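The values are calculated or read from the model by the stated rules, or taken from the named source; none is laboratory data. All figures in this text were calculated on a predicted structure; none of them were measured in a lab. A quick note on method: Cβ atoms are made from the backbone with ideal geometry, for glycine too, and the neighbour counts reach across all protein chains shown.
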Amino acid sequence: MNLLKQLFIFFILFGISSVFSQNSSIDLNFSNVDSLYTVNEYEKGFQLLNKIKSENHDHLTKKHKILLLVDYSKRDIYNKNYSDALVKLLKAQKLNLFDSTKYQNIYNSTFAELFYELGAIDLSITYFKKYIKNEQDPFNLYLAHNRIGTLYLKLSKTKEALNEFETQYRISKNFTNKVSHPSALNNIALVYYKEKNYEKALELFKEVSLATAKLDNEKNFHSLVQGNIGRTLYWMGNYKEALPFLKKLKKLKRWIELLLSISIK
């Protein structure tokens, strides 16, 4: 009897561990899809999604089914098939209808990106705020506040943008990487630039420039900040001082040199 009981417990535990192992494998594959999407390898990501669906058809949890729909919709957004993306996102939302707070962040940020692509910026902001409400990860919050601030800046709502970027800046103080902090500060400077408070913008851009000058992996970002300094100096009327910084903007170099040569004369 004891032997039978032990065998029964063994098979129960074995079954649980097998399911857990399978779910872990599926989760890893979804993580790999996200990694592929991050570098715009959407076709490879799509192929992996098809593989997940075909190999695990009878073992997908509700969460996995929602992830499938959302990841398929991300590919649709990338390919500008917006109506198809919307249909998939609505299906994902419907799957989560009776447990809405548990999985809604899987699709909220993607709804936000879709509405941005459709030009509905206010609605995009609404969905990003829904995302923030239920998100706990500091880096995801950092990115979301950055996105919302950028959208507010597009709408010329500088007060709201500043609030988002300042929140992003506060969050960045908890990170060990050396670029998150100056990146958030650069965003704050852009708000002051937008408001034509060039003195304050210049002060912050210079602070960002100092912070990024020695970061070997952030040379492009440093050049961008140098360009921001140049543009700010230009609008302040400091043309000669602006010229060396504006040369960092390679795409505008010839136009800027011509414009400044006229302005200096």
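Counting just the residues of region 72-113 that are among the aromatic types (Phe, Trp, Tyr) and more than 25 Å from residue 51 (Cβ to Cβ), which one comes out modelled with the lowest pLDDT? Here the answer is 98.
For region 136-165, taking the residues that are charged (D, E, K, R) and part of a loop (DSSP other than H, G, I, E, B), the one that is modelled with the lowest pLDDT is identified as 137. For the criterion of being of a type in the set (Gly, Ala, Ser), more than 12 Å from the chain's Cα centre (by Cα) and more than 22 Å from residue 78 (Cα to Cα), residue 124 fails. Do you know which residues across region 144-198 are farther than 23 Å from residue 219 by Cβ and among the basic types (Lys, Arg)? Passing the criteria: 147, 154, 157, 159, 170, 173, 194, 196. Screening residue 186 against (1) under 14 Å from the mean Cα position of the chain (by Cα); (2) assigned to a helix (DSSP H, G or I) leaves a single unmet condition, (1).
Candidates in region 161-209 are the residues that are among the charged types (D, E, K, R) and closer than 14 Å to residue 147 by Cα; of these, the one that is surrounded by the fewest Cβ atoms within 10 Å (Cβ to Cβ) is 166. Exactly one residue among 74, 53, 63, 80 is in a helix (DSSP H, G or I), over 30 Å from residue 174 (Cβ atoms) and among the basic types (Lys, Arg), and that residue is 53.
In region 114-135, the residues that are polar (S, T, N, Q) and modelled with pLDDT under 95 form Cβ pairs under 7 Å with partners that are assigned to a helix (DSSP H, G or I) and surrounded by fewer than 15 Cβ atoms within 10 Å (Cβ to Cβ), at six or more places apart or across chains, as follows: 134/101.
Looking only at residues of region 56-106 that are under 18 Å from residue 34 (Cβ atoms) and among the aromatic types (Phe, Trp, Tyr), we find that the one that is surrounded by the fewest Cβ atoms within 10 Å (Cβ to Cβ) is 78. Among the criteria (1) free of Cβ contacts under 8 Å to residues at least 24 places away in the same chain; (2) assigned to a helix (DSSP H, G or I); (3) not assigned by TED's automatic domain parsing to the domain that holds residue 68, the one residue 177 does not fulfil is (2).
A quick yes/no check of all residues on (1) of a type in the set (Phe, Trp, Tyr); (2) under 21 Å from residue 153 (Cβ atoms); (3) at pLDDT 90 or above:
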| residue | (1), (2), (3) |
| --- | --- |
| 194 | no, yes, yes |
| 206 | no, yes, yes |
| 211 | no, no, yes |
| 227 | no, yes, yes |
| 238 | no, no, yes |
| 247 | no, no, no |
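A Cβ distance below 7 Å, combined with a sequence gap of six or more or placement on separate chains, defines the contacts here; from region 220-232, residues that are over 11 Å from residue 205 (Cα atoms) and surrounded by fewer than 21 Cβ atoms within 10 Å (Cβ to Cβ) reach residues that are of a type outside the set (A, V, I, L, M) and modelled with pLDDT of 90 or more in the pairs 221/212. When you check residue 34 against the structure, is it acidic (Asp, Glu), modelled with pLDDT under 85 and either outside any loop (DSSP other than H, G, I, E, B) or loosely packed, with under 15 Cβ neighbours inside 10 Å (or both), yes or no? So residue 34 does not fit the description; no.
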